[in-house]
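**Q** Got a structure here, written out as structure tokens. Questions coming.
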Protein chains: 2
Amino acid sequence: MEGPRTIQQRRQDALAKLTEVHADVWVASASAEGIAHLVPLSYAWDGVCLIVVCDEASMTARNIRASSRARLALGGTRDVVMVDVVLEATVDGDAEGASTAEVYASQTDWDPREAEGDFAYLRLRPQRIQVWREANEIAGRLVMRDGAWID
Amino acid sequence: MEGPRTIQQRRQDALAKLTEVHADVWVASASAEGIAHLVPLSYAWDGVCLIVVCDEASMTARNIRASSRARLALGGTRDVVMVDVVLEATVDGDAEGASTAEVYASQTDWDPREAEGDFAYLRLRPQRIQVWREANEIAGRLVMRDGAWID
């Protein structure tokens, strides 16, 4: 096992994951009744928010619209970037959401505008980010708190 | 993209994942207030239940004890085995939980009995399993319903 990364290195590795293209994220959300949902989704990063797209009728869209929050895991189980997010905005792929749809299409391998269905673009703003690989990195895993990177 | 797998193949692939050793699972749980939690954990499979171990005080232990359910993802984002589970039992690593602790230690790369801390072994019984890789496998992804494999 390598030695633990510095907070600067972890922040850099978190940003590398956020800006990775053609990548997926695990999206955990919960209903008001306290039932957890989990799905993998493609994502894009616009510099401020993660963008994910899901069917308007999906459990994920309904949970996040209702609760305004979710918990996202990027990377593998032993190279984790864990991101607690709030819902910044929901847009469709037309007029108001055109730039969001462009960013999304440029970073993922599908374009919902060309697909059948009724899709919502969810812009999810990180509030808290934790970065760790193995047990020796559990300490010091917090790199963002209350939406601000920790120096 | 390969053609979609048959239900028999998907069931076989799900079992292969469940019986894999030194593997991790994403565990999504929710609080009664509807806040989702997500963590990666090591797991074992005793033929009936997945066994995960977490700190008694952790959010995951508290959520699953309170709600008796969780949603687990095995495999990668494009080779998914998604398992909705109910809590079958919680045991510690002593007396009553000795066999559970043995199974766990034999399939994972750590043994909580030798670690500092107050750990709970959670035995999680699958109720619903979905298996898919890409978009062409969304149809037909259900391989277990109400705790029974679908033929």
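**Q** Give me the residue from the range B:112-143 that is free of Cβ contacts under 8 Å to residues at least 40 places away in the same chain and surrounded by 13 or more Cβ atoms within 10 Å (Cβ to Cβ) and, out of that set, farthest from residue B:60 (Cα to Cα).
**A** So the residue we want is B:142.
**Q** Okay, moving on. When you go through B:73, B:30 one by one, which is the residue that is touching a Leu at 6+ places or on another chain (Cβ under 7 Å), closer than 22 Å to residue A:31 by Cβ and at pLDDT 95 or above?
**A** Working: B:30 fails: touching a Leu at 6+ places or on another chain (Cβ under 7 Å).
Checking each option against the conditions leaves just B:73.
**Q** Could you grab me the full set of residues in the range B:1-55 that are within 18 Å of residue B:128 (Cβ to Cβ), of a type in the set (A, V, I, L, M) and touching a residue at least 60 places away in the same chain (Cβ under 8 Å)?
**A** Listed by number, the residues that qualify are B:7, B:14, B:18, B:48, B:50, B:52.
**Q** Using the structure shown, decide if residue A:116 is outside any strand (DSSP E or B) and away from chain B (no Cβ under 11 Å). Walk me through how you get there before you give the answer.
**A** Numbers: outside any strand (DSSP E or B): yes; away from chain B (no Cβ under 11 Å): yes.
Yes.
**Q** Could you list, in sequence order, the residues of the range A:1-53 that are assigned to a helix (DSSP H, G or I) and either open to solvent by 20 Å² or more (accessible area, probe 1.4 Å) or more than 21 Å from residue B:38 (Cβ to Cβ) (or both)? Give the derivation first.
**A** To start, the set of residues in the range A:1-53 that are assigned to a helix (DSSP H, G or I) comprises A:7-19.
Selection gives A:7, A:8, A:9, A:11, A:12, A:13, A:15, A:16, A:17, A:19.
**Q** Follow-up. Just one of the numbered conditions (1) open to solvent by 40 Å² or more (accessible area, probe 1.4 Å); (2) modelled with pLDDT of 95 or more; (3) not in a helix (DSSP H, G or I); (4) not hydrophobic (A, V, I, L, M, F, W, C) is not true of residue B:109; which one?
**A** Looking at each condition in turn, residue B:109 falls short on (2).
**Q** Okay, moving on. Can you find a residue that is of a type in the set (A, V, I, L, M, F, W, C), within 13 Å of chain A (Cβ to nearest Cβ) and open to solvent by 30 Å² or more (accessible area, probe 1.4 Å) anywhere in the range B:70-77?
**A** Within the range B:70-77, the first condition is being of a type in the set (A, V, I, L, M, F, W, C), and the residues that meet it are B:70, B:72-74.
Subsequent filtering for residues that are within 13 Å of chain A (Cβ to nearest Cβ) retains B:70, B:72-74.
From what's left, open to solvent by 30 Å² or more (accessible area, probe 1.4 Å): none.
No - not one qualifying residue is present in the range B:70-77.
**Q** Taking the conditions exactly as written (under 30 Å from residue A:136 (Cβ atoms), outside any loop (DSSP other than H, G, I, E, B), within 12 Å of chain B (Cβ to nearest Cβ) and out of contact with any helix residue (DSSP H, G or I) (no Cβ under 7 Å at 6 or more places or on another chain)), does residue A:83 satisfy them or not? Spell out how you get there, then give the answer.
**A** Details: under 30 Å from residue A:136 (Cβ atoms): yes; outside any loop (DSSP other than H, G, I, E, B): yes; within 12 Å of chain B (Cβ to nearest Cβ): yes; out of contact with any helix residue (DSSP H, G or I) (no Cβ under 7 Å at 6 or more places or on another chain): yes.
The answer is yes for residue A:83.
**Q** Sticking with this structure for a sec: Return yes or no: is residue B:66 in contact (Cβ under 8 Å) with a residue 12 or more places away in the chain and within 14 Å of chain A (Cβ to nearest Cβ)?
**A** yes
**Q** If you don't mind, another one. For residue A:61, indicate whether it is in contact (Cβ under 8 Å) with a residue 40 or more places away in the chain and open to solvent by less than 30 Å² (accessible area, probe 1.4 Å). Don't jump to the end; show me each part of the working.
**A** Working: in contact (Cβ under 8 Å) with a residue 40 or more places away in the chain: yes; open to solvent by less than 30 Å² (accessible area, probe 1.4 Å): yes.
For residue A:61, the condition - in contact (Cβ under 8 Å) with a residue 40 or more places away in the chain and open to solvent by less than 30 Å² (accessible area, probe 1.4 Å) - is met.
**Q** Another question, then. If I ask for residues that are hydrophobic (A, V, I, L, M, F, W, C) and more than 13 Å from the chain's Cα centre (by Cα), which ones from the range A:22-45 would you list? It would help to see each step written out before you state the result.
**A** Going through the range A:22-45, the residues hydrophobic (A, V, I, L, M, F, W, C) turn out to be A:23, A:25-28, A:30, A:32, A:35-36, A:38-39, A:41, A:44-45.
A:30, A:32, A:35, A:36 - these are the residues of the range A:22-45 that are hydrophobic (A, V, I, L, M, F, W, C) and more than 13 Å from the chain's Cα centre (by Cα).
**Q** Right, something else. Whether any residue in the range B:141-149 is in a loop (DSSP other than H, G, I, E, B), under 29 Å from residue A:75 (Cα atoms) and either at pLDDT 95 or above or within 14 Å of chain A (Cβ to nearest Cβ) (or both) is what I want to check. I'd like the intermediate steps shown before the answer.
**A** Taking the range B:141-149 first, the residues in a loop (DSSP other than H, G, I, E, B) are B:141, B:146-147.
Subsequent filtering for residues that are under 29 Å from residue A:75 (Cα atoms) retains B:141.
Remaining after also requiring either at pLDDT 95 or above or within 14 Å of chain A (Cβ to nearest Cβ) (or both): B:141.
Checking the range B:141-149: at least one residue is in a loop (DSSP other than H, G, I, E, B), under 29 Å from residue A:75 (Cα atoms) and either at pLDDT 95 or above or within 14 Å of chain A (Cβ to nearest Cβ) (or both).
**Q** Please tell me if residue B:103 is part of a strand (DSSP E or B) and touching a residue at least 40 places away in the same chain (Cβ under 8 Å).
**A** Details: part of a strand (DSSP E or B): no; touching a residue at least 40 places away in the same chain (Cβ under 8 Å): yes.
When the stated conditions are applied, residue B:103 does not pass them.
**Q** Continuing with the same structure: Quick one: in the range B:86-95, of everything that is of a type in the set (Asp, Glu) and assigned to a loop (DSSP other than H, G, I, E, B), which residue is modelled with the lowest pLDDT? Before you say what the answer is, go through the steps one by one.
**A** Initially, the range B:86-95 is screened for residues of a type in the set (Asp, Glu), giving B:88, B:92, B:94.
Filter once more, keeping what is assigned to a loop (DSSP other than H, G, I, E, B): B:92, B:94.
On the way: B:92: 85, B:94: 78.
Taking the candidates together, the pick is B:94.
**Q** For residue B:85, work out the one condition from (1) out of contact with any Gly (no Cβ under 8 Å at 6 or more places or on another chain); (2) exposed (fewer than 14 other Cβ atoms within 10 Å of the Cβ) it doesn't fulfil.
**A** Unmet condition: (2).
**Q** Sticking with this structure for a sec: Kindly list the number of the only condition in (1) more than 17 Å from the chain's Cα centre (by Cα); (2) more than 14 Å from chain A (Cβ to nearest Cβ); (3) of a type outside the set (S, T, N, Q) that fails for residue B:48.
**A** Residue B:48 satisfies all of (1) more than 17 Å from the chain's Cα centre (by Cα); (2) more than 14 Å from chain A (Cβ to nearest Cβ); (3) of a type outside the set (S, T, N, Q) except (1).
**Q** In the range A:90-106, which residues are under 29 Å from residue A:145 (Cα atoms) and open to solvent by less than 30 Å² (accessible area, probe 1.4 Å)?
**A** Selection gives A:91, A:97, A:100, A:101, A:104.
The values are calculated or read from the model by the stated rules, or taken from the named source; none is laboratory data. All values derive from a computational prediction rather than experimental measurement. Because the Cβ atoms are built from the backbone with ideal geometry, glycine has one as well, and the counts that use them run over all protein chains shown. Areas reflect the complete protein model, heavy atoms only, side chains present, ligands, DNA and RNA absent. Shrake-Rupley method; radii C 1.70, N 1.55, O 1.52, S 1.80 Å.
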